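Novice: There's a structure below that I have some questions on.
What follows draws every value from the coordinates through simple rules; no lab data is involved. As the structure is a prediction and not an experimental result, all values here were calculated from the model. Cβ placement follows ideal geometry from the backbone for every residue including glycine, while neighbour counts extend to all protein chains displayed.
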Amino acid sequence: MHSFRYQGGSLHCEDTNLESLAREHGTPLYVYSKATILDHYRRLAAGMSELDCLICFATKANSNIAVLNLLAEEGAGFDIVSAGELFRVEKAGGDPGKCTFAGVAKTRKEIEYALDRGIFSFNAESEAEVRHINEIAGEKGVKAPIAFRVNPNVDAKTHAKITTGKSGNKFGVDFDLVRDAYARAAELPNIEVRGLQMHIGSQLTTVNPFVEAVEKVGPLVEELKSNYGIEFFSIGGGIGIVYEDSLDSGDLDWWSQGQNRALTIEQYSEKLVPLLKPLGLKIILEPGRYMVGNAGVLLTEVVYEKQGTTKTFKIIDAGMNDLIRPTLYEGHHDIVPVKEPSGTKTEIVDIVGPVCESGDFFAQNRELPSVDEGDLIAVLSAGAYGFVMASNYNSRPFPAEILIDGETAHVIRARQSFDDLIAGETIPA
């Protein structure tokens, strides 16, 4: 489900009027639904309840500490890719002992930081990394828990920039080499071989690639359990969400709506639980986009309309620095007026921002309900890889972030000021 729908002629998040919210807090403005985030977590937990399962939220999807705190309170762990994300998790009340640390280039400082805080496991991406972890752990007089990330060479059939499970990707150890990697790691004096991890890519809309990967890696998991006593198998994240036709009519479950139907948790668990249960291990999931993607929108105002000889441009006050997915990934986001359209009038338009780049667009040649200068629009499905990928390009301040709980709006990040833009900068004497 998600909690964005028209009520009384205006788009609402839960019971909060987004037009009133934007007028009070300004635009651009990120808005998240608490109810949606919790519903998605609880659905996934229920679907995998037959397993000893730890859900580790992919912190990179949305790292605001208020969002992390919601999930920590539900008992979630966290998939982190930097020491900064681990710092955020701790500040949000998360347990480092439920954190898996991924990433291909962990530095000495990051490894030391993670060891000091007692993370659950390093998901190692190379043998060189494990040797480095072993050296640092030895200096500290501890054993470091590791799992190799295996690259199963499974084509997830997703966007080229978010595929991770093929042999040509930078992530993980090749499937044909991973057994030897475990044998060498097990001989290192300051390494505890704890598990195996994989992640084949993001925004998967069918269960078939997951099934193919688990069936291929399952025998390897059993072998590692027998040889090294591993405790867990992480199957990563990647569950896709609805980006098109993502706004429902109010009553029907959004999972069943639209032409671009998402992979449901029922389909996911029905196929994967029977494959995972016989392994007798803790199963770790690392979802990010699924948890928060449809829980967020970016509110923005139409500043100008420009009529060209071939195009009509609606120029808004949000830019690619606020939400880069459309230009970086060719990502589609539904865009709707905050005021509910009263008729059927539409236009073919480009929705573009103020950044001095031709790539600064949110939609091109798209048929949308007519909007005028001063109208508010909502860019939907912006809760994942939205604010976390924002920048100050063109010296544009970061937008504010709001968490909605029913009728209550919590400011969980204040809008950045001009003074904030230059904080830490100095002019040499």
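Novice: Which whole-number percentage describes the relative contact order of the chain, with Cα contacts under 8 Å and a sequence gap of 6 or more?
Specialist: Relative CO of the chain lands at 20 percent.
Novice: I need the shape label for region 19-113. Rule: rounded when a/c is under 1.5, else prolate if a/b > b/c, else oblate, with a, b, c from the alpha carbon gyration tensor.
Specialist: oblate
Novice: Once label points are set 7 Å from the Cα along Cα→Cβ at both Ala186 and Lys306, what is their separation, rounded to one decimal in nm?
Specialist: It works out to 6.4 nm between the two label points.
Novice: Length gain on complete extension for the stretch Ile348 to Lys277, per 0.36 nm per residue less the alpha carbon to alpha carbon distance?
Specialist: Answer, rounded to one decimal: 20.5 nm.
Novice: If neighbour count is taken as other Cβ atoms inside 10 Å, put Arg5, Arg23, Arg325 in order from fewest to most.
Specialist: Values: Arg5 16, Arg23 12, Arg325 20.
Neighbour counts put them in this order, fewest first: Arg23, Arg5, Arg325.
Novice: Can I ask one more? Build a GNM of the chain with springs between Cα atoms under 10 Å: which of Tyr32, Tyr304, Tyr243 gets the top mean-square fluctuation?
Specialist: Result for the chain, Cα springs under 10 Å: Tyr304 fluctuates most.
Novice: As a test, work out the antiparallel percent of DSSP beta bridges whose residues both lie in region 35-288, rounded to the nearest 5.
Specialist: 5 percent
Novice: Once you place label points 7 Å from the Cα toward the Cβ at Val411 and Arg108, how far apart are they in nm?
Specialist: So the label points at Val411 and Arg108 sit 4.3 nm apart.
Novice: Turning to a different aspect of this structure: Using only the alpha carbons of region 253-365, what is the convex hull's orientation-averaged projected area in square nanometres?
Specialist: For region 253-365, averaging the hull's shadow over all directions gives 10.3 nm².
Novice: Next up: Using a basic spin-label model with each label point 7 Å from the Cα along Cα→Cβ, how many nm lie between Ser49 and Glu215?
Specialist: So the two model labels end up 2.9 nm from each other.
Novice: Report the dimensions of region 35-288 along its three principal axes from the alpha-carbon atoms, largest first, rounded to Å.
Specialist: Projected onto its principal axes, the Cα set of region 35-288 covers 59, 38, 34 Å.
Novice: Who wins for biggest fluctuation among Thr264, Thr310, Thr344 in a Gaussian network model of the chain, springs between alpha carbons below 10 Å?
Specialist: Residue with maximal mean-square fluctuation among Thr264, Thr310, Thr344: Thr310.
Novice: Please label the shape of region 347-429 as rounded, prolate or oblate, based on the square roots a ≥ b ≥ c of the eigenvalues of the alpha-carbon gyration tensor (a/c under 1.5 means rounded; beyond that, a/b larger than b/c means prolate, else oblate).
Specialist: Oblate, because a/c is 1.5 or more while a/b does not exceed b/c.
Novice: Follow-up. Gain in length, Asp419 to Ser395, computed as 0.36 nm per residue apart minus the alpha-carbon separation, to one decimal in nm?
Specialist: Values: separation 24, 0.36 × 24 = 8.64 nm, distance 1.11 nm.
This chain segment gains 7.5 nm when fully extended.
Novice: Got the relative contact order for region 35-288 handy, in percent, Cα pairs under 8 Å and 6 or more residues apart?
Specialist: 20 percent
Novice: By its C-alpha gyration tensor, with a ≥ b ≥ c as the square roots of the eigenvalues, how is region 1-72 shaped: rounded for a/c under 1.5, else prolate for a/b larger than b/c, else oblate?
Specialist: It comes out oblate by the Cα gyration axes.
Novice: Could you work out the relative contact order of region 1-158? I mean the mean sequence separation of Cα pairs under 8 Å and 6+ apart, divided by the number of residues, in percent.
Specialist: Answer for region 1-158 is 13 percent.
Novice: Under 15 Å from a point 7 Å along the Cα-to-Cβ line of Glu222: which residues of region 261-283 have their amide N that close?
Specialist: 274-281
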